[in-house]
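Remarks on the structure that follows.
Just so it is clear, none of the values below were taken in a lab; they were calculated from the coordinates. Note that this is a predicted model, so its numbers are computed, not measured. Using ideal geometry, Cβ is built from the backbone for each residue, glycine included, and neighbour counts are taken over all protein chains shown.
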Amino acid sequence: MSVVDVNTEIVIARPRHVVAAYASDPDTAIAWYANIAAVEWKSAKPAEVGSRIAFVATFLGRRLSYTYRVTELVPDELFVMRTDEGPFPMETTYAWSDAGEGRTRMALRNRGEPSGFGRIAAPVVAAAMRRANTKDLARLRGILESAGEER
């Protein structure tokens, strides 16, 4: 069994409620995730436990389409989505905590069990995912810190 479990985190100089509200809104994903090309709500907004959101992304040169289901949501603390579709069932977790004086620590975790060729390529997938997540979190920080108090 090859499990991919990638944890990345960043500190953003914005209050936790601001970071959590922006990052947990699937409509903002295109702005801060380089690999996400489209987002389509399959249930009513806003996101809540049970909501379904379809994403189109590219990863390692492949086009991926998948629908996440929100499985946990604790405002300003935790947002968890899961998909069981495709060759790489995945759970994505966002967690936020205070990092002092209006700063927020955001953790991004992707965990899943690839099947088929993905099992063999799991170490390559994990490394590519870590690089992408690190860049995406830096982009998120740039967006939120440049937005200042208007967010």
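Structure above, values below:
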| quantity | calculated |
| --- | --- |
| Kirkwood hydrodynamic radius of region 1-93, from inverse mean 1/r over distinct Cα pairs, in Å | 14.2 |
| Helix-only CD estimate at 222 nm, as mean residue ellipticity for the chain, using -39500 (n - 2.57) per DSSP H run (n ≥ 4) | -8500 deg cm²/dmol |
| Distance-filtered residues of region 64-98 - backbone nitrogen under 16 Å, label point 7 angstrom along VAL11 Cα→Cβ | 96-98 |
| Between region 90-108 and region 41-58, the Cα center-to-center distance that results, in Å | 21 |
| Degrees between helix 122-147 axis and first principal axis of the chain (Cα, 0 to 90, nearest 10) | 20 |
